[in-house]
Amino acid sequence: MNKAIIKIPEPSFGSKLTTIILDLEKIRTRFLMGEIPPYIFFQLKEIFQMLETLGSARIEGNNTTLYEYVEKVIESGSNIKIDEKQQELHNLEKAIEFIEKNTNSDTKIDRAYISELHKIVTKNLTPTPKGEGSKFPGELRKHNVKIAKSNHTPPDISVLQEHFDNFIEFINKNHPEQYQLLMVAIAHHRFAYIHPFDNGNGRVGRLLNYALLIKLGFKVQNGRIINPSAVFYSNRDQYYEKLAKADSLKDSDILEWSEYFLLGLKNEIEKIDSLLKKDFVRNKILLPAIDFALERENITEKEYNILKYLIKKDEMAIKAEELEKFGIQTSLQKSRVVRRLRDKNILQPTKPGGRIYTIRFANSYLLRGVIHFLEKEGFVSDFLNKN
């Protein structure tokens with residue numbers, strides 16, 4: 001058997017895997033932003049990208065907790081010096097930005113694309129073996145490697161180029177629709193199996209999940225939130241166990257890995273989709289988050305009342321004129337209140353330069369409460385806060 005060749009095994013009709021694929025196909029084409037206004041949706045999306053970033057880094061051993069990460073996000077406007085752990089997270093954020101900016105259904109995810117991802121992921125990090133950087137950013141490894149805590153030996157450098165070329169061909173092939181999601185699952189395993197770079201393979205491999213799902217039509221730009229790394233960090237040991245078993249390249253083991261991967265993806269997407277209902281976001285996340293901020297004296301009673309009024313409105317937005325409800329009468333007073341709330345990063349225009357305002361929570365100290373209640377409602381894995 002030529003191990004460089006990648007093929008998709010045929011799942012049996014009526015199997016659990018086939019059912020999962022059919023369910024994901026329905027999800028793929030469903031437009032979701034739905035009830036919540038876009039200026040609220042995109043802040044939630046930003047938070048889940050943060051969870052994706054942190055989860056991927058922590059799988060690789062970065063011990064930054066979610067609470068630590070949240071504080072860094074809140075402080076991001078100040079001139080703080082970031083250490084290597086924060087640099088790794090910053091790089092992953094930039095990599096997600098690169099993917100969203102440069103990926104659509106027509107994108108060819110080729111050698112240059114993957115090399116650029118690797119450069120972004122390893123930028124300004126100490127090269128392996130001491131750090132999470134690379135001696136050869138964007139280039140295939142120039143020596144043989146072993147994977148820690150794994151019995152698998154990645155392909156020898158004499159055949160690495162062949163393996164990598166076959167991988168590129170596989171992910172860009174025009175697979176029939178019923179095999180496209182299987183392709184994503186198999187691609188994740190095969191990238192780890194090939195281990196094309198000297199370091200950063202896990203991070204780049206998980207980013208490729210995101211890129212391939214966007215390429216296949218999961219509309220993260222205008223209606224869906226996906227956090228594929230949550231599939232793996234919810235049970236890291238199981239993730240490595242399933243990956244290792246698929247290293248046999250037997251059809252049965254590849255299909256078992258694919259079922260694990262795609263079921264986890266389906267469950268994660270369905271869970272997040274339930275978050276996009278306006279009443280849920282309002283009553284379970286945002287209102288409790290401002291209660292949380294008031295209890296900790298992060299906001300005043302008047303600011304709390306303004307934010308509560310705003311959140312309860314159908315459009316979750318407010319005009320300056322409506323501040324009269326809070327005894328703020330003159331135009332000058334209204335302008336000062338709006339400016340103070342904007343300076344505190346808890347109010348922002350619904351669109352650039354606009355005069356209608358909404359709550360800002362994705363990168364202000366209100367984020368502490370939002371994360372707390374997302375965690376309470378089961379959207380945040382305990383893994384992200386384990387020391």
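All of the numbers you see were taken from the coordinates with simple rules; none came from a lab. In this text, all values refer to a predicted model and were calculated from it rather than measured experimentally. Neighbour counts are summed over all protein chains in view; Cβ atoms, including those assigned to glycine, are modelled from backbone coordinates with ideal geometry.
What to note about this one:
- Residue-wise HN-Hα couplings along segment 197-212, as the Karplus relation 6.51 cos²θ - 1.76 cosθ + 1.60 with θ = phi - 60° gives them from phi, are 10, 6, 6, x, 5, x, 5, 5, x, 6, 5, 5, 4, 4, 4, 5 Hz; Gly and Pro carry x.
- Put the Cα centre of segment 331-357 next to the Cα centre of segment 231-302 and the gap is 33 Å.
- Distance between the modelled labels on LYS302 and ILE356, one decimal in nanometres: 2.6 nm (7 Å Cα→Cβ projection).
- Coil-residue trypsin sites (Lys or Arg not before Pro) of segment 164-208, DSSP, other Cβ within 10 Å capped at 16: LYS173
- Interchain or long-range residues, amide H under 5 Å from GLY138's placed H: LYS119
- For segment 322-337, 3J(HN,Hα) per residue [Karplus equation, 6.51 cos²θ - 1.76 cosθ + 1.60, θ = phi - 60°, Hz, x = Gly/Pro]: 6, 5, 4, 4, 10, x, 9, 9, 7, 4, 5, 4, 4, 4, 5, 5
- Under 13 Å, Cβ to Cβ, from GLY205 - net charge with Lys/Arg +1 and Asp/Glu -1: +2
- Taking amide H positions as modeled 1.01 Å from N, with prolines and chain starts lacking one, the residues under 5 Å from GLY133 and 5 or more places away or on another chain are THR126, THR128.
- For segment 271-339, the set of GluC sites (Glu not before Pro) satisfying both a DSSP loop assignment and a count of at most 16 other C-beta atoms within 10 Å is given as GLU297, GLU315.
- More than 27 angstrom apart: percent of Cα pairs within the chain: 52 percent
- Summarising the amide proton neighbourhood of ILE356: residues at separation of 5 or more, or on other chains, whose placed amide H is nearer than 5 Å comprise THR350, LYS351.
- Estimated distance in nm for a label pair at LYS26 and ASP83, the labels positioned 7 Å out from Cα along Cα-to-Cβ: 4.8 nm
- Each residue of segment 362-370 is assigned a 3J(HN,Hα), and the resulting list reads 6, 9, 10, 5, 5, 4, 4, x, 4 Hz, derived from the Karplus form 6.51 cos²θ - 1.76 cosθ + 1.60 (θ = phi - 60°), x at Gly and Pro.
- Around the Cα centre of segment 16-276, unit charges on the Cβ atoms of Lys, Arg, Asp and Glu (plus for the first two, minus for the last two) sum to a dipole of about 200 debye.
- Positive-end ranking of ILE114, ALA317, ILE21 along the dipole of the chain, with charges on Cβ about the Cα centre, is headed by ALA317.
- With contributions of -39500 (n - 2.57) from each DSSP H run of at least four residues, the per-residue ellipticity at 222 nm computed over the chain stands at -17000 deg cm²/dmol.
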